[in-house]
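Trainee: Got a structure for you, questions after.
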Amino acid sequence: MTTRRLVLARSAALLSATSAGLLTPSFAQSGKVRIGLMLPYTGTFAPLGIACDNGVRLALQEVGNKLGGREVEFFKVDDESEPSKGVENATKLVQRDKVDVLIGTVHSGVQMGIHKVARETGVLSIIPNAGMHAATRTLCAPNVFRTSFTNSQPTRALGKVMMDKGHKKAVWITWKYAAGDEAGEGFKEGYLAAGGTIVKELGLPFPNVEFQALLTEIAALKPDAVACFFAGPSGAKFMKDFAAAGLKGKIALYGSGFLTEGVLEAAGPAADGVMTTLHYSDSLDTPRNKSFRLEYAKAFKMQPDVYAVQGYDTGLLLVQGANAVKGDLSKKPELYKAMEGAVIDSPRGKWTMSKSHNPVQDIYLRVAEKGENKVIGVAAKGLSDPGTGCRMG
Ligand code: PHB
C-alpha cells in the first residue's frame with residue numbers, strides 16, 4: 001500500500017469506529033472539558049459580558065478549575081450583541097472549537113442564534129443572562145438551561161409596587177427588541193392587574209441612547225410615573241438625562257432592576273430614589289452574598305453585579321451537573337437530571353430550576369441610595385415563569 005492509501009485506510013477505519021460509538025466516549029471524555037463563552041466583550045453590553053465571564057471563572061476557580069475531575073479549557077467568542085452574527089458565532093464554538101458546553105449570552109436577539117444552534121446540534125447550552133421567553137417556553141429544550149430570568153420575570157411585580165405608592169398612570173419606555181418588549185409584557189400584566197393605566201408606550205431601537213425627544217414627550221404627558229427597561233451604561237445615561245430634563249422629583253422613576261446594575265457610580269445622584277425590582281441586590285445582607293462579593297472584588301478588582309452573579313451561578317450549575325456524571329458530559333440523561341434537580345446556593349439566595357429550565361426565584365424590591373441598591377422588601381416570593389408552550393417535565 002502506498003503511504004497515501006495507508007493513511008486513507010486508517011482514517012476510514014477510525015471514522016467507522018468513531019461513528020459506531022466505539023471511540024467516542026473515551027476519546028471525547030478523557031481530555032479537558034471544553035467550555036465555550038459567547039458573550040459581548042465589545043459594545044454597549046461589554047461590561048455585562050465581562051461580568052458574566054468573570055462569574056463563570058470564579059465558580060470554577062473555587063473547585064480548582066476541574067469539572068468532575070477533568071480540567072477545563074475556555075474558548076471565547078465576542079458576539080458584539082449583534083443578532084445577525086449569532087448563528088455563525090455559535091457555530092464557530094460548536095463546530096470549530098468542539099465545545100462540550102456553550103455558555104452565552106447577554107442579548108436576547110443573539111440568543112435566538114445560539115438557541116437555534118443548540119437545538120440543532122444538541123450541545124449543552126447554559127444561558128447566563130438573555131431572557132428571551134421562547135428559550136424556556138415554546139422552544140424549550142432538554143439541553144438548554146437558564147441561570148438568569150425570563151424577560152418578564154423581574155418586571156411582573158413592579159406594577160403592584162407602583163400602585164401601592166399611588167402611581168396610577170404610567171408611561172412605559174424601553175429599547176424596542178425582544179428584551180424590552182417582553183419586560184414590557186411583564187410590567188403591563190402586573191400593572192393592569194393592580195388597576196394601573198399605561199398612558200403611553202415609548203421605544204427606541206437598541207442600542208440607541210438619544211432619549212431627548214422621548215423625555216420631552218413624557219414631560220408633556222405628565223404621568224404619575226415612568227417605568228422602563230434599559231441596561232448597562234445606557235441605564236446611567238437614561239437616569240441622568242431624566243434628571244437633566246427636569247423630570248426627577250416630579251415624575252417617579254421605576255425600572256426593571258437592570259437599570260441600576262453596575263452603573264450607580266456613573267449615574268451619581270440621578271439614580272437616588274429610583275425603585276426597581278430584580279432577583280439580586282448588592283446589599284443583600286447574607287453571609288453567602290458577602291463572601292461572594294469579597295471574593296469577586298479580590299479576584300477582579302471590581303464590584304460584582306447581577307451579571308456577575310448569573311455567571312457565577314452558571315459555573316455552580318455546571319459543577320453540580322459535571323460532578324454527578326464524574327466529568328463524563330456525554331452521559332446526557334444523567335447530566336440533565338442532575339442539572340434539573342440542582343439547588344443553587346447563589347449570592348441572590350437559593351434557587352431551583354423550573355420544569356422548563358428557568359430559575360424559580362425571589363424578586364427583590366430595591367431603592368437606589370448613595371451608590372447602593374438597597375433592598376426594601378421582597379416583591380415576589382419564589383417566582384416561576386409560566387413556561388407557556390413548553391412540553392418538558
Ligand atoms: C436581553 O437582551 O435579554 C437582556 C439584556 C440585558 C439585560 C437583560 C436582558 O440586562
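Trainee: Identify, by number, the condition in (1) more than 12 Å from the ligand (Cβ to nearest atom); (2) of a type in the set (Val, Ile, Thr); (3) buried (at least 23 other Cβ atoms within 10 Å of the Cβ); (4) farther than 26 Å from residue 68 by Cα that residue 138 doesn't meet.
Mentor: Only one criterion is unmet by residue 138, namely (3).
Trainee: Considering only residues of region 278-311 that are outside any loop (DSSP other than H, G, I, E, B) and within 16 Å of the ligand (Cβ to nearest atom), which is farthest from residue 48 (Cα to Cα)?
Mentor: Across region 278-311, the extreme among qualifying residues is 278.
Trainee: I'm trying to understand the selection: among the residues of region 325-361, which are hydrophobic (A, V, I, L, M, F, W, C) and crowded, with 18+ Cβ neighbours inside 10 Å?
Mentor: Of everything in region 325-361, those that are hydrophobic (A, V, I, L, M, F, W, C) and crowded, with 18+ Cβ neighbours inside 10 Å turn out to be 325, 329, 335, 339, 342, 344, 351, 353.
Trainee: State yes or no: is residue 268 surrounded by fewer than 16 Cβ atoms within 10 Å (Cβ to Cβ), free of Cβ contacts under 8 Å to residues at least 60 places away in the same chain and outside any loop (DSSP other than H, G, I, E, B)?
Mentor: Yes: the conditions hold for residue 268.
Trainee: Could I ask something else about it? Restricting attention to region 30-85, report how many residues are of a type in the set (Val, Ile, Thr), within 17 Å of residue 323 (Cα to Cα) and out of contact with any Gly (no Cβ under 8 Å at 6 or more places or on another chain).
Mentor: Here the count works out to 3.
Trainee: Among the residues of region 39-57 satisfying the criterion of being touching a helix residue (DSSP H, G or I) at 6+ places or on another chain (Cβ under 8 Å) and in a loop (DSSP other than H, G, I, E, B), which is farthest from the ligand (Cβ to nearest atom)?
Mentor: 41
Trainee: All but one of (1) closer than 18 Å to residue 258 by Cα; (2) part of a loop (DSSP other than H, G, I, E, B) hold for residue 195, so report the exception by its number.
Mentor: (1)
Trainee: Just give me the residues in region 371-387 being in contact with a helix residue (DSSP H, G or I) (Cβ under 8 Å, 6 or more places away or on another chain) and under 21 Å from residue 134 (Cα atoms), in sequence order.
Mentor: 385, 387 - these are the residues of region 371-387 that are in contact with a helix residue (DSSP H, G or I) (Cβ under 8 Å, 6 or more places away or on another chain) and under 21 Å from residue 134 (Cα atoms).
Trainee: Name, by its number, the condition in (1) away from the ligand (no atom under 14 Å from the Cβ); (2) closer than 23 Å to residue 106 by Cβ; (3) small (Gly, Ala, Ser) that does not hold for residue 184.
Mentor: The number of the failed condition is (1).
Trainee: Restricting attention to region 354-393, which residues are touching a strand residue (DSSP E or B) at 6+ places or on another chain (Cβ under 7 Å) and aliphatic (A, V, I, L, M)?
Mentor: 360, 363, 365, 367, 375, 376, 378, 379, 380, 383
No value in this document is a laboratory result; all are computed from the given coordinates. Since we're looking at a predicted model, the values are computed, not measured. Cβ: placed from backbone, ideal geometry, glycine included. Neighbour counts: every protein chain shown.
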